[in-house]
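The values are calculated or read from the model by the stated rules, or taken from the named source; none is laboratory data. As the structure is a computational prediction, the values presented were derived from the model and not from experiment. Quick reminder, even Gly has a Cβ in these numbers, built from the backbone with ideal geometry, and neighbours come from all protein chains shown. For the accessible areas, the whole protein counts, side chains as well, though only heavy atoms, and no ligand, DNA or RNA atoms are used. Shrake-Rupley method; radii C 1.70, N 1.55, O 1.52, S 1.80 Å.
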Amino acid sequence: DKEQQPGRSSPAGKVPEGEKKLQEAVCVLLVELCERFTFFGIVCNMILFCTARLGYPSHQAAMVNMCFVGTSTLTPVLVGWLAEYLVGRTKLVCICMFLHFLGTALLPVVSFPFEDVHIDRRHVLLTLPKREQKIVFYFALLTASLGIGGIRAIVCPLSAYSLEDCGPKELLSFFNWFHWLVNLNSAVVFVSISYIQQSVAKNLGFLIPFVSGLMAMITIHMVRGEMIYKPKTDSSLLTTFGVIFSALRTGCARHRYLSLAVPSWLDHAKENHGGHYSETQVEGTKSLARLFPLFTFQILYRTCVMQIPSGYYLQTMNSNLHFGGFVLPVAAMNVISIVPLLILVPILECINSWLFSSKNSGHSPTIYIVVGHLSAALSVVAAGFSEIHRKHFPQLEQTLSEELLLVSSMPCFHLAPQYILLGVAEALVTPSCSLLSFWLVPEGMRGISMHFLALFNGAGCFMGALIVQTAHAGTQGSWFPHLLHEGKLERFFFFLASLMLVNTLGFWAIAHRYNNLHEDCTNGFRRSLPGERLLKHEKAIKHYNSVLESSPILSPLEKT
């Protein structure tokens, strides 16, 4: 940054650098909150709309919701690649903002049609046929997810928060408070938007596209003020996949004709081993490949988390929502899973400060991930027992979204333990995985590492949809029924819990690979990079020259 000379004011019309950075930080945060607001507003009552309005069976509605969340998780990776190689960032962000506004504007038209419109004392019924309604609905979801991907990848990437100089303690603190803020925003959405959509005034569903339009105006201000973050192009997904495929191809060819030993199979991609990539690129990919087991064990965990907007939502929808003469929104139960996170983050901050302050402790958050996985498994077990308990109550009639449903008379608050356990899991797992994915790779690979974490999280959402479809088809609708009192949903939960317990044991077995965080990040990866080795040799040469210059034993002739 250029510093101004004393006595000189900044040029007319030019914002000072410090003020511009403050504006940029505020704009990024506002766009992030608006995007999350619209995203959770779409997700919170999608199952109710699909079952009550579109006539979908319960398992299909759950699959649609999980696929939308998975698509919204994967699109930032795709849009980030498009922005880097095919389309300019400014042009692409304008396209994505238009797609986001189009999708959020179409959803209220489909979800909240004006059923009663009076024109000149005539009653006009405005409705879309089911087939056209489904087409517009899926088109709106697709365009909204593409817009979400562009906003997350271009306007609000993680690298825009300037985390390069942060240590593991500061990074974990950032991820904790970042997810705390996101979940606080989602709690407001689940209470307000879900109630508006379900009970009060359906016309206010247009609040979602209004927030999208507000986000577009903030983004346009950022574009005009040149505040869109431009990341470094040290590495890319194509380079990473190229290193892997080159190593496989060269390794297979050499295994067939030659038997040369290399320290790692990825070393076959190096130029000095017959590959096409530099040592820096290959070493960065090797550090990323070390995280693949961590990413893999997050797939099934993400499937369990996706039970909140699918299986748990159906349980809540089929329970008694009346509370003191007031009908609670179904999605408002999600707040119970958010409350533990909002409470635990300040407590975890104190624990982390104490652990990282210990000089002899190379604190690693792997223990948080293990406990979080176990908490997720216990949550699904509790959901199975809650389903058995729910069937023991007599049934009653309950109106949701103007549809009369036959539900259990069990109060929905009896489902609170499973929500609380999954909220504890999220508070422990998500910031810890983000820290490991960001810190345990070289600086040039951090964006790629976070992209791979997003890819595996998206895979977990689609895995959840696949498990639901397989369970429904394999049991002829018994394990994931449309009418819960006629099926055995608890068996589906117990099956998923058994898979999650095995997943927890598997990660516990490999968790030692990510222990001793300080040693790994300072020695394990940086030492193998050629730039770090060159810096080390330069320091050694400087130290040797200083010894020669200060040595009283050598004569001037010997020094030359």
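One chain, two ends: Trp81 and His512. Fully extended at 0.36 nm per residue, the span grows by 151.8 nm beyond their Cα-Cα distance.
Packing order of peptides 54-64, 32-42, highest average first: 32-42, 54-64 (average count of other Cβ atoms within 10 Å over each peptide's residues).
Phi angles of the stretch 302-316 translate, via the Karplus equation with coefficients 6.51, -1.76, 1.60 and θ = phi - 60°, into HN-Hα couplings of 5, 4, 5, 4, 6, 6, 4, x, 10, x, 5, 4, 5, 4, 5 Hz per residue; Gly and Pro are given as x.
Take the alpha carbon gyration tensor of the stretch 287-543, find the square roots of its eigenvalues, order them as a ≥ b ≥ c, and report rounded if a/c is under 1.5; if not, report prolate when a/b exceeds b/c, else oblate. It comes out prolate by the Cα gyration axes. Past 32 Å, Cα to Cα: identify those pairs from Lys169/Lys286; Lys169/Lys270; Lys21/Lys270, in the order given. Exceeds cut-off: Lys169/Lys270; Lys21/Lys270. Please work out whether the stretch 373-425 counts as rounded, prolate or oblate from its C-alpha gyration tensor, where a ≥ b ≥ c are the square roots of the eigenvalues and a/c under 1.5 means rounded, while otherwise a/b larger than b/c means prolate and anything else oblate? Because a/c hits 1.5 or more and a/b exceeds b/c, the stretch 373-425 counts as prolate. Shown in residue order for the stretch 341-354 are the 3J(HN,Hα) couplings computed by the Karplus curve 6.51 cos²θ - 1.76 cosθ + 1.60 at θ = phi - 60°: 5, 5, 7, 6, 4, x, 5, 5, 4, 5, 5, 5, 4, 5 Hz (x for Gly and Pro). Given a Förster distance of 60 Å, report the FRET efficiency between His221 and Ala473 from their Cβ-Cβ distance, rounded to the nearest 0.05. Between His221 and Ala473 the formula returns 0.75. For the stretch 287-543, the fraction of 1.4 Å probe accessible surface lying on carbon and sulfur atoms is 67 percent.
Taking square-rooted eigenvalues a ≥ b ≥ c of the alpha carbon gyration tensor, is the stretch 406-463 rounded, prolate or oblate, where a/c under 1.5 means rounded and, failing that, a/b exceeding b/c means prolate? Verdict is oblate for the stretch 406-463. In this rough spin-label picture, where each label sits 7 Å from Cα along the Cβ direction, the Trp177-Leu396 distance is 4.5 nm.
Report note on the peptides 209-219, 69-79: ranked by the mean count of other C-beta atoms within 10 Å, highest first, their order is 69-79, 209-219. About its Cα centre, the stretch 287-543 has a charge dipole of approximately 1120 debye under the convention of +1 per Lys or Arg Cβ and -1 per Asp or Glu Cβ, with nothing else charged. If you plug the beta carbon distance of Glu19 and Val502 into 1/(1 + (r/R0)^6) with R0 = 56 Å, you get a FRET efficiency near 0.55.
Here the extension length gained between Thr90 and Val188 equals 32.2 nm, from 0.36 nm per residue of separation less the Cα-Cα distance. Between Ile347 and Lys130, the FRET efficiency from the beta-carbon distance, with R0 = 41 Å, is close to 0.25.
The packing ranking of peptides 90-103, 465-478, highest mean first, is 90-103, 465-478, where packing means the average number of other beta carbon atoms within 10 angstrom of each residue.
Fully extending the segment from Phe385 to Ala416, taken as 0.36 nm per residue of separation minus the present Cα-Cα distance, adds 9.9 nm. Dividing the mean sequence gap of close Cα pairs (under 8 Å, 6+ apart) by how many residues the stretch 287-543 holds gives a relative contact order of 31 percent.
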